[in-house]
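The values are calculated or read from the model by the stated rules, or taken from the named source; none is laboratory data. The model shown is predicted, which means the values in this text are computed figures rather than measured ones. Neighbour counts are summed over all protein chains in view; Cβ atoms, including those assigned to glycine, are modelled from backbone coordinates with ideal geometry. Accessible surface is based on the protein model in full, side chains and every heavy atom, while ligands, DNA and RNA are left aside. Shrake-Rupley method; radii C 1.70, N 1.55, O 1.52, S 1.80 Å.
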Amino acid sequence: MKKTCFFLSFLFIAAWLVSCGEKHFLNDGNYRRQIREQFEKRRNEADHRRQALFSVFDRTDLTQEQREALEFLYAGMPLCDLVDYDGDFFLQQVNAAFRARDAFSWGKMIPDDVFRHFVLAYRVNNESLDSGRTVFFDALKERIRDMSMYDAALEVNHWCHEKVTYRGTDGRTSSPLALVKTSWGRCGEESTFTVAALRAVSIPARQCYTPRWVHTDDNHAWVEVWIDGKWHYMGACEPEPELDVAWFTGPAKRAMMVHTNVFGLYGGPEEKNAQTPLYATINLLGNYAATRRVAVRVTDVQDQPVEGATVKFKVYNYAELYPIAKGASAADGTASILSGNGDLVIWASKGNMYGYAKSSPAQDTVVVKLNRTAGECYHEVYTLDVPPEQSVTPPPQEKKAANDRRLAQEDSIRNAYMNTFMPPSDAAGKTSTEHQEKSFLHKAQGNWREIADFMRTETGYPYLSFLASLSDKDLRDTPADFLRDHIRNGAKADASISEDIYIHKILSPRIALEQIKPWRSFFRQPAIAREISGEQPDAEKIIEYIRRHIELEDAGNGYNCYITPRGVYELKKADRRSRNVFFVAVCRSLGIPAQVEKAAGKVQYYENGQWKDAIFDERDVVREQPKATLTLTNAASNLVKPAYDTHYTLAYFKDGDFQTLNLEGNPVTANFPYRLQADEGYYRLMTGSRADDGSVVVRSEYFTLDADTEQTFAVTLPEAQEILSVQGRLDMNLEVTLTDQSDVTLQKLSGGKGLMLCFVDVGKEPSKHVLQDLPAVRKALEEWGGGILLVTTDVAVSAAFDASVFKGLPQQTAWGIDSSRVLLQTVTKVLQSDFRDHFPLTVYLSAAGDILYSSAGYRIGMGEDILKIIRLEKKHFQ
């Protein structure tokens with residue numbers, strides 16, 4: 001008996017010791033209970049994928065720490081991740097995060113909450129997910145192993161710069177590994193990649209966004225890293241010698257909002273613009289700029305507070321009022337955010353009533369009265385001021401010089417890889433087919449082998465037209481097998497449908513901004529096709545299937561990720577955008593032409609020679625089919641030709657606010673006058689003119705389009721206060737050395753008409769924006785006939801610099817080298833400017849050498865600015 005009792009006691013103690021050895025990942029008991037409750041909710045919501053997603057929890061080797069980490073991830077997952085990935089994928093994410101934490105000395109210093117939200121979290125933004133965490137850890141672990149956490153963060157960014165550089169592209173976010181394969185992307189992709197690389201080596205990181213600047217058009221994304229208890233910022237793939245140094249330091253001091261999305265249930269100290277069990281949007285503006293509390297009180301026409309009104313805090317950008325934050329009014333009608341020291345437009349609505357007002361820094365509380373309804377015709381002009389420009393102290397010159405040498409070396413590494421891509425096609429001596437194939441291979445960049453493999457096997461199909469229906473980014477990051485699924489399983493062409501509609505609206509897998517996935521063969525399975533559409537393809541039956549079986553859940557799919565069409569079918573839930581793509585995907589799979597119409601985002605199918613709206617619920621009834629004609633003309637008073645999305649936009653009224661029509665790139669808008677077939681309804685035509693200090697004068701015209709009518713409106717740019725003054729004079733006999741080593745005077749380059757002189761740092765995003773802006777106004781600058789001189793300096797130029805990579809510049813553009821900075825120092829001395837390497841520095845010189853314009857640092861629309869100065873010069877001095 002004693003032996004038996006001893007043995008049982010031994011087993012009890014052993015079991016107790018084992019249980020004590022099981023570490024918690026979620027150490028706070030209350031937080032652990034909240035996560036468990038949310039996890040169970042997500043488990044029920046994803047019941048259709050129980051085996052693929054949740055069987056990982058049945059593994060006997062799963063530790064308590066792994067289990068709780070997985071539960072945390074599942075509890076915060078957007079719907080797209082619950083449906084499009086499996087449990088093994090997420091366990092790999094957990095194991096990789098734990099391995100990195102244990103591999104580096106700083107891993108044990110990271111607080112639990114910082115680790116789970118900013119290291120373990122696998123998602124950064126709306127990117128496609130991949131195994132980059134493991135790949136990046138293997139590539140970086142030895143490179144940073146013996147470094148401090150601070151130096152390791154800088155080194156990871158240098159590695160990122162070796163792999164990726166900035167180039168503008170569309171709004172879909174490629175996965176981190178796809179970006180490495182291509183070697184370039186926009187700032188949102190660079191920052192997603194850099195955050196992924198930092199998290200891969202257990203350095204807490206988050207992507208920060210200013211949703212829109214106010215002093216210039218555009219937005220920007222960058223990275224914050226947590227180092228030894230404090231958050232610091234860095235430019236993604238733009239390494240500097242120190243943290244908290246970047247070209248956007250100055251612009252960020254003028255921002256009205258900087259925010260980030262935090263994965264999961266977050267209880268951090270930052271102000272939250274939004275809070276849900278799945279994610280939080282936290283306000284980080286105070287890390288960069290002076291702030292103020294923007295307080296709003298919403299009232300009705302009797303001055304009584306309105307509860308539950310939608311309140312949007314808006315800034316002017318790209319000729320529209322864009323919301324940088326939104327919320328709902330409390331019982332006393334109030335709402336507020338933390339923002340910057342510039343003007344905002346506060347827009348509030350409830351039911352069929354709306355109102356708006358301007359908020360300026362001097363005001364305490366802005367009252368917005370809901371006193372407007374759709375239909376009132378009027379116009380208004382107002383000015384929106386922006387936070388003033390502030391000085392920025394650069395790092396020590398010796399550190400910057402050493403960093404620039406590293407950047408040059410990293411450029412050469414990346415360029416050597418990019419030289420393995422297919423070069424542009426030369427049509428000479430090639431057939432049309434050969435030329436098109438070479439062009440697609442060039443556009444595919446690092447993905448060219450996949451596209452080559454696809455073309456090699458698909459010659460029996462209309463493969464060239466099919467590839468032409470895709471975006472350039474699709475060519476860069478879509479595997480060959482995904483494309484084969486679509487072209488091989490495409491419905492046969494119908495003689496009653498044009499080739500263009502067949503290729504673009506049936507065969508093409510490109511629908512909106514979703515990642516292309518292989519869904520076509522799945523929906524063409526007879527049993528699934530009959531379930532959704534009946535015995536014959538029928539768009540109305542597909543719509544009815546969606547109404548009955550697909551639950552709409554916008555709140556559950558944060559991060560603006562698309563659920564794949566197959567995922568929508570399996571989960572039986574979707575946000576609105578994913579549901580729309582699902583409908584189009586099913587229709588195209590079954591041979592029904594369908595689209596998400598670009599201008600207003602309507603979901604449509606093609607029947608009996610016309611496009612019909614797919615109506616899933618009352619909110620989708622946007623308007624009737626087009627019933628009115630709108631003609632837009634160019635006002636004679638305009639100094640520049642207005643461009644859509646730059647100088648003006650057209651918006652229709654829906655759900656208490658105006659929704660901008662997406663007409664960017666529409667050939668109809670290329671020349672004035674032009675006519676649009678528009679649906680009846682209430683509209684706003686908005687134009688804006690920006691002054692040199694960034695402030696903008698806004699003009700809005702509100703009008704109603706009635707059925708079977710035709711109306712004409714002039715696109716009239718308001719006059720911003722532009723004072724043309726001489727800021728200094730430069731000797732036009734100064735010589736500059738061109739890249740061909742010849743010397744030429746500024747006078748000769750000006751052609752007797754004037755000279756745009758721009759000092760650029762070709763490796764940094766602000767200078768690249770100038771080089772992208774100029775092609776947009778190439779024709780006008782060539783007609784002007786003056787000179788354009790782009791100059792690199794010893795700091796800005798890298799050994800790998802090649803001017804030929806910048807395409808589409810005006811033909812008179814010349815490149816100069818100012819290696820000793822003589823010309824740069826001469827210009828800054830004349831301007832009495834504390835330049836501090838805030839590239840690009842742009843000046844406009846009259847033929848006599850008078851400096852009539854100057855701009856330093858980040859600015860969008862430089863080409864338009866120069867044209868405006870040229871026309872003002874003619875107006876005032878000739």
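Structural remarks
- Relative contact order [Cα under 8 Å, 6+ residues apart], the chain, whole percent: 9
- Solvent-accessible heavy-atom area per residue, rounded to whole Å², over the chain at 1.4 Å: 42
- Low-density loop cleavage sites - GluC sites (Glu not before Pro) in the stretch 515-585, where at most 15 other Cβ are within 10 Å (DSSP): 535
- Normalised by the number of residues in the stretch 196-272, the mean separation of alpha-carbon contacts (under 8 Å, six or more apart) gives a relative contact order of 28 percent.
- Environment charge of residue 168, counting only residues whose C-beta is closer than 12 Å and scoring Lys/Arg +1, Asp/Glu -1: -3
- Dividing the convex hull volume of the alpha carbon atoms of the stretch 562-706 by its residue count gives 157 Å³ per residue.
- For residue 457, net neighbour charge (Lys/Arg +1, Asp/Glu -1) across residues whose Cβ lies under 11 Å away: 0
- Förster radius 45 Å - calculated FRET efficiency between residue 145 and residue 497, Cβ distance, rounded to 0.05: 0.15
- Centroid-to-centroid separation of the stretch 176-204 and the stretch 672-712 [C-alpha atoms, Å]: 39
- Amide H partners (placed H, <5 Å) of residue 208, local residues excluded: 222, 223, 224
- Among 541, 312, the order of accessible area from largest down is 541, 312, computed with a 1.4 Å probe on protein heavy atoms.
- With the convex hull drawn over the C-alpha atoms of the stretch 33-82, the volume per residue is 70 Å³.
- Other residues within the sphere of radius under 11 Å centred on the Cβ of residue 541, judged by their own Cβ, net out at -2 (K and R +1, D and E -1).
- Filter on 358/654; 23/163; 141/272; 41/602 - keep pairs with C-alpha separation over 26 Å: 23/163; 141/272; 41/602
- Among complete DSSP H helices in the chain, those whose alpha-carbon atoms stretch at least 27 Å along the helix's long axis and whose mean Kyte-Doolittle hydropathy reaches 0.0 are 2-21.
- The stretch 363-504, relative contact order [Cα under 8 Å, separation at least 6], %: 16
- Residues residue 409 and residue 779, FRET efficiency given R0 of 41 Å [Cβ-Cβ distance, rounded to 0.05]: 0.60
- Each Lys and Arg adds +1 at its Cβ and each Asp and Glu adds -1 at its Cβ; summed about the Cα centre, the chain shows a dipole of about 1200 debye.
- Heavy-atom accessible surface of the chain: percent carbon and sulfur, 1.4 Å: 49
- Relative protection proxy for 770-778, 629-637, 258-266, 393-401, from highest mean packing down: 258-266, 770-778, 629-637, 393-401 (other beta-carbon atoms within 10 angstrom).
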